[in-house]
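Reading through the structure tokens given below for one structure.
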Amino acid sequence: QVQLVESGGGLVQPGGSLRLSCAASGSIFSSLAMGWYRQAPGKQRELVASITSGGTTSYVDSVKGRFTISRDNAKNTVYLQMNSLKPEDTAVYYCKALRSWATWGPGTQVTVSS
């Protein structure tokens, strides 16, 4: 079992940046593909970025060129660098292992507003 805790969210103005972190427990972290998801009010949760155990990344079109996912296996942590933030990026952001048995962390709120 891998437990996750997200951090780094907050209130930022449009055009600003935030860096989210997801700290994972467990010795199998380095072997897991990981994803960052978000859920805006009234909308379904969506996968916005993923990274394989080997470091291959993938992004949803709406964040390509603005968000960067990375991982530090020595620290059991996955990151999401978010630049050029837009109001439509406002959501609760979650990380999760891309496995059927994986559970959700509590999430971290990101609000983009002037």
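Hey, what do the phi angles of region 55-66 turn into as Karplus ³J(HN,Hα) couplings, whole Hz, using 6.51/-1.76/1.60 and θ = phi - 60°, x for Gly and Pro?
Per-residue couplings from phi come out as x, 6, 10, 8, 9, 6, 4, 5, 10, 4, x, 10 Hz.
For the chain, set up a GNM with springs between Cα atoms under 10 Å and report which of Ser25, Ser50, Ser100 has the largest fluctuation.
Ser100
In Å², what does the accessible area per residue of region 39-80 work out to with a 1.4 Å probe?
Numbers: 2390 Å² over 42 residues.
Result: 57 Å² per residue.
For Ser84, which sequence-distant residues (separation of 5 or more, or a different chain) have an amide H within less than 5 Å of its own amide H, given hydrogens modelled in the peptide plane?
HN-HN under 5 Å from Ser84: empty list.
Short version: ³J(HN,Hα) in whole Hz for each residue of region 97-114, in order, from phi by Karplus 6.51 cos²θ - 1.76 cosθ + 1.60 (θ = phi - 60°), x for Gly and Pro, what are they?
Karplus values, whole Hz, x for Gly and Pro: 5, 8, 9, 5, 8, 5, 10, 8, x, x, x, 9, 7, 10, 10, 10, 7, 8.
Among Gly26, Gly55, Gly35, whose mean-square fluctuation peaks in a Gaussian network model of the chain (Cα, cutoff 10 Å)?
The residue with the greatest mean-square fluctuation here is Gly26.
Roughly speaking, what % of Cα-Cα pairs in region 75-114 are separated by over 16 Å, rounded to a whole number?
Details: 368 of 780 pairs.
That fraction is 47 percent.
So what does log10 I(q)/I(0) come out to for the chain at q = 0.12 Å⁻¹, using the Debye formula with one equal point on every Cα and no solvent?
Cα-only, vacuum Debye calculation for the chain: -0.37.
What residues qualify as long-range amide H neighbours of Ala33, i.e. H under 5 Å apart, gap of 5 or more or another chain, H built at 1.01 Å from N?
It is Ser53, Leu98, by chain and number.
Are there any trypsin sites (Lys or Arg not before Pro) in region 14-114 that are in a DSSP loop and have at most 16 other Cβ atoms within 10 Å? List them by number. Intermediate results must be reported in sequence, preceding the final value.
Numbers: sites: Arg19, Arg38, Lys43, Arg45, Lys64, Arg66, Arg71, Lys75, Lys96, Arg99; in loops: Lys43, Arg45, Lys64, Arg66, Arg99.
Here the sparse-neighbourhood loop sites are Lys43, Arg45, Lys64, Arg66, Arg99.
Within the chain, what percent of beta bridges assigned by DSSP are antiparallel, to the nearest 5? The partial results should precede the final answer.
Details: 33 of 36 bridges.
Within the chain, antiparallel bridges account for around 90 percent of the total.
For the chain, which longest stretch is free of loop sites, where a loop site is one of the chymotrypsin sites (Phe, Trp or Tyr not before Pro) that DSSP puts outside H, G, I, E and B and that has at most 14 other Cβ atoms within 10 Å? Write down the numbers at each step before the final one.
Working: sites that count: Trp101, Trp104.
With chymotrypsin sites (Phe, Trp or Tyr not before Pro) excluded where exposed in loops, the chain gives 1-100 as its longest stretch.
Taking θ as phi - 60°, what are the ³J(HN,Hα) couplings along region 5-19 by the Karplus curve (6.51, -1.76, 1.60), each to the nearest whole Hz, with x for Gly and Pro?
Each residue's phi maps through the Karplus curve to give 9, 8, 8, x, x, x, 9, 9, 7, x, x, x, 10, 9, 10 Hz.
To the nearest 20 debye, what is the magnitude of the charge dipole of the chain about its Cα centre, counting +1 on the Cβ of each Lys and Arg and -1 on the Cβ of each Asp and Glu? Mind dumping the intermediate values first?
Working: 11 positive and 6 negative charges, 16 e Å.
Approximately 80 debye in magnitude.
The values are calculated or read from the model by the stated rules, or taken from the named source; none is laboratory data. For clarity, every value in this text was computed on a predicted model and none was experimentally measured. Cβ sites come from the backbone with ideal geometry, for glycine too, and all protein chains shown count toward neighbours. Each accessible area value is taken on the protein alone, full model and side chains, heavy atoms only, with ligands, DNA and RNA left out. Shrake-Rupley method; radii C 1.70, N 1.55, O 1.52, S 1.80 Å.
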